[in-house]
Each structure stands twice: as structure tokens, then as C-alpha cells.
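Below is one structure, written out as C-alpha cells; the observations come after it.
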Amino acid sequence: MTSGLFGLFDGRTRRGLESPAQPLTSAALTEFLGGVQSDAGVQVSETTALRTPAVWRAVSLISGVSSALPLPTYKEGTRERQPFELLRNPHPDLTPVELWRFAYLYRVLWGNTYIQKIRDGAKQVRELWPVSSDRVQVDREKPSDSNPSGKWFYVTDDWGVTHVKTPYDILHIPGLGYDGLTGCSPVRLAAQGIGLAQAAEKSAARLFGSGNMVGGVLQTEQRLDQGQAEQLKARWKAKMSGVHNSHEIAVLDSGASFKPVQMPNTDAQFLESRQFQVTDIARMFGVPPFLLMSTEKSTSWGTGLEQQALGWVTFDLGPTWLTPTEQRITKELLPPSLYANYQMAGLLRGDSAARATFFRAMRDVGAFSANDIRALEELPPLAEHGDVYLQPMYMAPLGSNPLAPDGEQPAAGSNRARAAALMAEAQRLLQTPDDAEEGT
């Protein structure tokens, strides 16, 4: 078995354009030059965008939640689990969570995920190695017998050598795009908003670093030299600074007066613009603002936040990130008899009350057995009666007489026999004449 040809990262060392290890792709060149120049005067790239706290939080949230969800495989046409070793142990060093976290991080930032398929002597995929997205260029040419899709991947390795690969060698999961070949980089599309957020952060840092935000000004009617000014300042701080001097009365001599300096309205609006950029970044990545720790305009009620979180899972996390991964894994990595399906119930693992309510409801309607619930909680199955499904009304095994759960006929004259007779008579009276005639 061969090892992966392509490293995980392109930025482990600072490489110049003259280095053969620097891939001459458009993404790599843009990254080397500092990124796309935004109108705010800040260069934005896929890696520098992570310096913005809102971007870091959105990327870590999407990649972390998606990679942490259980990804079992099932037999086609059933819900019977069939474990698949490649997904359980896909890399000799990385865990499944670490591997798929890389995969989602590349797709969130660059718009594309590339994973190298390492095959054994029998041509079976035995390992998965993530490839940094800025090392890859994709092109489509005339389909051939060796490459029916016509898609070609030009991948630069750590030594500056370009390898030509096909979908037989590379698992490609594209994001939203417009050419059917690759996905668009969300960071490039949101470069103006991210650049504005970084520019506002730099401007705020310079504002406070330059000391422009002063608390107040001491004024006197006399002209003071440097020493006298410092002495007056020291006396004022000694008298009025500190919590123990709160609510003290200041006495000023020599015609001195103190004028507090308040934040101008322009600075207050400046801070509001920084808050707006958090909302704008949340909009670009499809994440509710409260998940980016921006709760100023969110309800504090638990049910309100819960509904927003469920909306994120339903309308963004599932269709945008999880479903494409499921289908691409099923199409390229699994045999035709299996399919992959994320276990979305894993998102409820942190809420024991919600899990208990859900499991009880599914048990009561006969959808889950005790062993189904125990499997979701990663508990061993029950040896006896664990796979029994209950009827909704009488909580008896499905298919049996609810008045005789053991399948036995009730004894004549017993309460159970009388109840069964009454039910039979009620069913006969409810039949239409046509039904009764057909029954005879």
C-alpha cells in the first residue's frame, strides 16, 4: 500500500514563487500575494479570513458539528446497519472526526473538498488522505474509457511535482458552484464583508492604542509647565482613582476644572457597524447569529433558541453540507449494496430531556424497539424482548391480539373473553351492509 502523495497543508513553511514546492494555481498565487484586495484596504484569503472571530466561529461550527455526527452505513433498501471498515478507520493517523473536519474546513473556506483514495493490491480503497484545496486545479476534457466523467485533477505535491489524477484517485465534494465542475469559495464571495470586519477591527485597535479615548480633561486658568501639569494629574489620580474613592467629592484649586469626555456618536455608530459585520458573516455562512455568540437581537428563551438551531439543521446544515457528503461517499466509496446516512439524532445527545421525550414518543407509536433506542445511546442490546415493537393503544406486541398478548385464546366466561366478544360485536355493527354481505 502506498502512502498519501499530498500533504495536508500548504502553509507549513513560507515558500516563495521560485520554490518548486509552491503550486502555481490561482488560489495558491492569490494566497501568496496576501489574498483578494477588498475595497476596505484589507487583503482577504481563505486562511487570513480565519483571523476574523466570526469567520473562525462559523467555520469551526460547521466543520466541528458535521464531522462529529455519526455516519453509519446501511444495506440498500433497508435500515439494517452494515459497518464499513473504511469509514470506521479511514486514515493511519487521523481519526474519522479529524479527517472529516479537514474535509469540511476545506469546503467551507475554499468551496471544494479533495481526498486522495489510497488503494491496496486488489484495487480496493483502504485509506483516505485529505488534500489541501489550493494544491488542486480541476478541468474537464473529452470523456474516455479510462475516465468516463472527463474530469481531471492536477495536484501539486510537497516537492513541486504535478500529478494528473482522475475520480478513480480523488474523491471530490464540490460546494455551491455555477459551472458543474467546482464550487465557489465562500470567502472570495464574501471578501468585501470580511475585509470590512477586519478593517473595522484594526481601526478600533488603533483608536484605543493611540489613546484617543480619554476619560476627561483637567483645565486651569493658569499656564502650567510640564512638571506642574504632571503634579496636578498625579494629585487628581491619587484623590479620585480607585474603587475606594468612588462617590468622593473633588476639590479643585487654582481655577482648575474637570470636563469628562464622552464617546462621540460617530464612534458609537462605528461599534454598531462592527456588530453588523458579524450578522453579515453569519448570513454568508448560513449560521444563526446566536451560534456566533451574537445574542443582542436574539430571544433569551430556550425554546426560541432551540427552534433557531433546528432551523439551521433543517435548512442549512443538512442540505448544504451533510447530504452532499453522504451521496458522494455512497457513490464513490461504498459497494452498491450499501449507502451512508448521517445519524442526525446525534445532535440531541447534549439534551437528555429532549432525547427521553423523543425516544418515549417513538416507542409509544411502535416505531422504535428497546434495542433501537439502546443502539442510538450506544448501549448493548437486550437479550430478551429487546426487538419487540409495541402497538400504540394497548402497548402489546405488533400483530397480536391486544386482549390476549400471549397469542392464546381467552378462557370462556373470563373478562378477557367478554371484552373480545364486545369488540367483535362492535366491529360487526360498524360494518356497512355491503361489507356484511361480503363477510357472509
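Going by what's in this entry, would Ala190 be described as at pLDDT 75 or above, out of contact with any strand residue (DSSP E or B) (no Cβ under 9 Å at 6 or more places or on another chain) and of a type outside the set (Val, Ile, Thr)?
Against the criterion (at pLDDT 75 or above, out of contact with any strand residue (DSSP E or B) (no Cβ under 9 Å at 6 or more places or on another chain) and of a type outside the set (Val, Ile, Thr)), Ala190 does not qualify.
Pull out all pairs, ordered by first then second residue, where Cβ-Cβ is under 7 Å, the residues are six or more apart or on different chains, the first lies in region 354-379 and is among the polar types (S, T, N, Q), and the second is surrounded by fewer than 16 Cβ atoms within 10 Å (Cβ to Cβ).
The qualifying pairs are Ser369/Gly386; Ser369/Asp387; Ser369/Val388; Ser369/Tyr389; Asn371/Pro381; Asn371/Leu382; Asn371/Gly386; Asn371/Asp387.
Condition test on Val138, is it in contact (Cβ under 8 Å) with a residue 24 or more places away in the chain, surrounded by 22 or more Cβ atoms within 10 Å (Cβ to Cβ) and β-branched (Val, Ile, Thr)?
Criteria not met by Val138.
Regarding region 369-376, can at least one residue be identified that is surrounded by fewer than 13 Cβ atoms within 10 Å (Cβ to Cβ), on the phi < 0 side of the Ramachandran plot and at pLDDT 80 or above?
no
Of all residues in region 82-126 being hydrophobic (A, V, I, L, M, F, W, C) and either in a loop (DSSP other than H, G, I, E, B) or not assigned by TED's automatic domain parsing to the domain that holds Arg51 (or both), which is farthest from Leu189 (Cα to Cα)?
This residue is Ala122.
List the residue pairs whose Cβ atoms are under 8 Å apart, where the first residue sits in region 41-62 and is aromatic (Phe, Trp, Tyr), the second is at pLDDT 90 or above, and the two are 6 or more positions apart or on different chains.
Final answer for the pair search is Trp56/Leu50.
Among what's in region 56-96 and is β-branched (Val, Ile, Thr) and surrounded by fewer than 14 Cβ atoms within 10 Å (Cβ to Cβ), pick the residue that is modelled with the lowest pLDDT.
Per the stated criteria, the residue is Thr78.
Taking the condition surrounded by fewer than 14 Cβ atoms within 10 Å (Cβ to Cβ), at pLDDT 60 or above and part of a loop (DSSP other than H, G, I, E, B), does Ala426 pass?
So Ala426 does not fit the description; no.
Residue check: is Leu171 modelled with pLDDT of 90 or more, surrounded by 16 or more Cβ atoms within 10 Å (Cβ to Cβ), touching a strand residue (DSSP E or B) at 6+ places or on another chain (Cβ under 6 Å) and not small (Gly, Ala, Ser)?
Spelling it out, Leu171 is indeed modelled with pLDDT of 90 or more, surrounded by 16 or more Cβ atoms within 10 Å (Cβ to Cβ), touching a strand residue (DSSP E or B) at 6+ places or on another chain (Cβ under 6 Å) and not small (Gly, Ala, Ser).
Restricting to region 175-188, name every residue that is over 19 Å from the mean Cα position of the chain (by Cα), in contact (Cβ under 8 Å) with a residue 60 or more places away in the chain and surrounded by fewer than 21 Cβ atoms within 10 Å (Cβ to Cβ).
Once the filter is applied, which keeps residues that are over 19 Å from the mean Cα position of the chain (by Cα), in contact (Cβ under 8 Å) with a residue 60 or more places away in the chain and surrounded by fewer than 21 Cβ atoms within 10 Å (Cβ to Cβ), region 175-188 yields Gly177, Arg188.
Looking at region 127-142, which of the residues that are touching a strand residue (DSSP E or B) at 6+ places or on another chain (Cβ under 9 Å) and assigned to a loop (DSSP other than H, G, I, E, B) is nearest to Arg107 (Cα to Cα)?
Ser132
Determine which member of the set Leu224, Leu232, Leu218 is part of a helix (DSSP H, G or I) and either modelled with pLDDT of 80 or more or among the hydrophobic types (A, V, I, L, M, F, W, C) (or both).
Within the list Leu224, Leu232, Leu218, the selection yields Leu232.
Find the residue count for region 123-181, including only residues that are among the hydroxyl-bearing types (Ser, Thr, Tyr) and touching a helix residue (DSSP H, G or I) at 6+ places or on another chain (Cβ under 6 Å).
So the answer is 2.
Give, as residue ranges, the helices (runs of 4 or more DSSP H) completely inside region 247-343 that count at least 2 residues that are at pLDDT 90 or above.
Of the helices (runs of 4 or more DSSP H) lying wholly inside region 247-343, those with at least 2 residues that are at pLDDT 90 or above span 265-285, 323-332.
Return only the number of the condition from (1) over 23 Å from Leu322 (Cα atoms); (2) part of a strand (DSSP E or B); (3) touching a Phe, Trp or Tyr at 6+ places or on another chain (Cβ under 9 Å) that Tyr154 does not satisfy.
Checking Tyr154 against (1) over 23 Å from Leu322 (Cα atoms); (2) part of a strand (DSSP E or B); (3) touching a Phe, Trp or Tyr at 6+ places or on another chain (Cβ under 9 Å), the one that fails is (3).
The values are calculated or read from the model by the stated rules, or taken from the named source; none is laboratory data. Fair warning: this is a prediction, and the values are worked out from it, not measured in the lab. Here Cβ is always computed from backbone atoms with ideal geometry, including for glycine, and neighbour counts include all displayed protein chains.
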